[in-house]
Amino acid sequence: MGLAEEIKQKAFQLGFDLAGITDASPLDNDQFKSLTDWLAFGCAGRMDYMRNNLDKRTNPIKLLKSARSIICLGLNYNPPKTQKKATISADPMGTVANYARYEDYHLFIKQQLRKLTNFIASIAGTGFRFKICVDSAPLAERTLAARAGLGFIGKNRMLINPQLGPQIFLAEIVTSLKLPPDEPIKAVCSNCNKCLTACPTGALTPDGRLDANKCISYLTIEYKAEFPPDLAPKIGARLFGCDECVLVCPFHKNAPSCQNKHFTFYPDRAKLNLHEILALTEESFGAKFADSPLKRLPLDCLKRNAKTCLANIAG
């Protein structure tokens with residue numbers, strides 16, 4: 001078994017569902033233009049970090065000078081299909097996106113990546129240099145994952161794996177090791193437009209672009225101001241994030257649930273009591289959601305979301 005296969009096998013043992021390798025070359029001209037056009041049209045909204053470090057985002061060698069390969073990994077977060085039924089409440093409830101019903105994936109995945117890099121160091125020798133990336137690093141994760149054969153980028157702009165569907169956390173190890181690259185897969189969305197139709201705000205366009213300014217996930221998580229009046233009613237009772245473009249995807253229909261038993265899932269976080277959210281203090285918020293992606297959102301923004309949900313529920 002070669003080094004690349006040993007790395008992949010160890011990744012699977014650590015609970016990752018997907019593992020592939022690509023080289024550390026920059027994005028090609030079409031991919032670079034697609035990203036810069038998206039930014040130029042203002043589709044990133046107020047996510048200034050998407051405009052910063054563009055050289056690093058499009059060229060892995062800018063992240064690690066000695067980079068030769070990128071180990072791309074995926075973790076399926078499709079929630080369990082047989083969940084304990086939530087207690088019925090007379091109080092209004094706000095829904096939480098599937099990924100935020102787990103413990104904070106940033107911390108969990110980084111722990112697993114450190115175990116993997118320790119393993120690689122033990123078998124690769126002293127020449128092993130690396131940089132761990134989980135979401136927050138300026139790296140074109142989905143493009144690189146597609147290049148490494150983990151899936152393809154669908155019309156909902158998510159990485160879709162034909163077997164696991166579109167609910168996949170991505171992570172990378174940019175490394176100095178020269179490893180044989182995997183081939184991209186050839187699956188595509190074909191003529192399906194279900195995600196475009198399902199998007200409550202029309203954030204997905206037929207030309208394959210996502211306008212973050214209209215995206216409910218962006219608005220409820222990244223956007224820090226008051227919601228635009230024309231979009232606030234379309235948020236509905238979505239307290240944190242939105243899964244509509246994912247749940248209608250045909251590749252989601254038969255996707256298996258998350259199999260990683262060490263990745264803690266909280267079924268009671270699927271819906272949260274909106275009045276209880278409004279009553280939170282900074283201290284109680286920190287205690288209740290210390291290990292949750294919700295904690296990455298300022299409490300005043302979460303309360304803004306709750307107020308909007310309550311207004312929408314009241315009609």
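When each of Ile160, Ile132, Ile221 is tested for being hydrophobic (A, V, I, L, M, F, W, C), touching a Gly at 6+ places or on another chain (Cβ under 8 Å) and assigned to a strand (DSSP E or B), the lone residue that passes is Ile160. Counting the residues of the stretch 80-97 that are over 21 Å from Glu276 (Cβ atoms) and modelled with pLDDT of 85 or more gives 1. Listed by first and then second residue, the pairs with beta-carbon distance under 7 Å, at least 6 apart or on different chains, first residue in the stretch 106-124 and closer than 13 Å to Leu177 by Cβ and in contact (Cβ under 8 Å) with a residue 12 or more places away in the chain, second surrounded by 12 or more Cβ atoms within 10 Å (Cβ to Cβ) and basic (Lys, Arg), are Leu116/Lys10; Phe119/Lys10. Being more than 18 Å from Asn254 (Cβ to Cβ), aromatic (Phe, Trp, Tyr), in contact with a helix residue (DSSP H, G or I) (Cβ under 8 Å, 6 or more places away or on another chain) and touching a residue at least 12 places away in the same chain (Cβ under 8 Å) is a description that does not apply to Phe152. The sole residue among Ile235, Ile221 that is within 30 Å of Phe130 (Cβ to Cβ) and out of contact with any Asp or Glu (no Cβ under 8 Å at 6 or more places or on another chain) is Ile221.
Apart from one condition, Leu299 fits all of (1) over 23 Å from Lys81 (Cα atoms); (2) under 19 Å from the mean Cα position of the chain (by Cα); (3) surrounded by fewer than 20 Cβ atoms within 10 Å (Cβ to Cβ); (4) among the hydrophobic types (A, V, I, L, M, F, W, C); the exception is (2).
Screening Thr95 against (1) out of contact with any Ser or Thr (no Cβ under 6 Å at 6 or more places or on another chain); (2) of a type in the set (Ser, Thr, Tyr); (3) surrounded by 16 or more Cβ atoms within 10 Å (Cβ to Cβ); (4) more than 30 Å from Phe265 (Cβ to Cβ) leaves a single unmet condition, (4). In the stretch 11-57, the residue that is nearest to Leu164 (Cα to Cα) out of those that are crowded, with 18+ Cβ neighbours inside 10 Å and charged (D, E, K, R) is Asp17. Being out of contact with any Gly (no Cβ under 9 Å at 6 or more places or on another chain) and under 30 Å from Ile313 (Cα atoms) holds for only one residue in Ala137, Ala90, Ala124, and it is Ala90.
Being farther than 23 Å from Val246 by Cβ and either among the basic types (Lys, Arg) or in contact with a Lys or Arg (Cβ under 6 Å, 6 or more places away or on another chain) (or both) is a condition met by no residue of the stretch 141-163. Scanning the stretch 187-218 for residues that are free of Cβ contacts under 8 Å to residues at least 24 places away in the same chain, in a loop (DSSP other than H, G, I, E, B) and not hydroxyl-bearing (Ser, Thr, Tyr), we see that the one that is surrounded by the most Cβ atoms within 10 Å (Cβ to Cβ) is Ala203.
The values are calculated or read from the model by the stated rules, or taken from the named source; none is laboratory data. What you see is a predicted model, and the numbers here were worked out from it, not measured in a lab. A quick note on method: Cβ atoms are made from the backbone with ideal geometry, for glycine too, and the neighbour counts reach across all protein chains shown.
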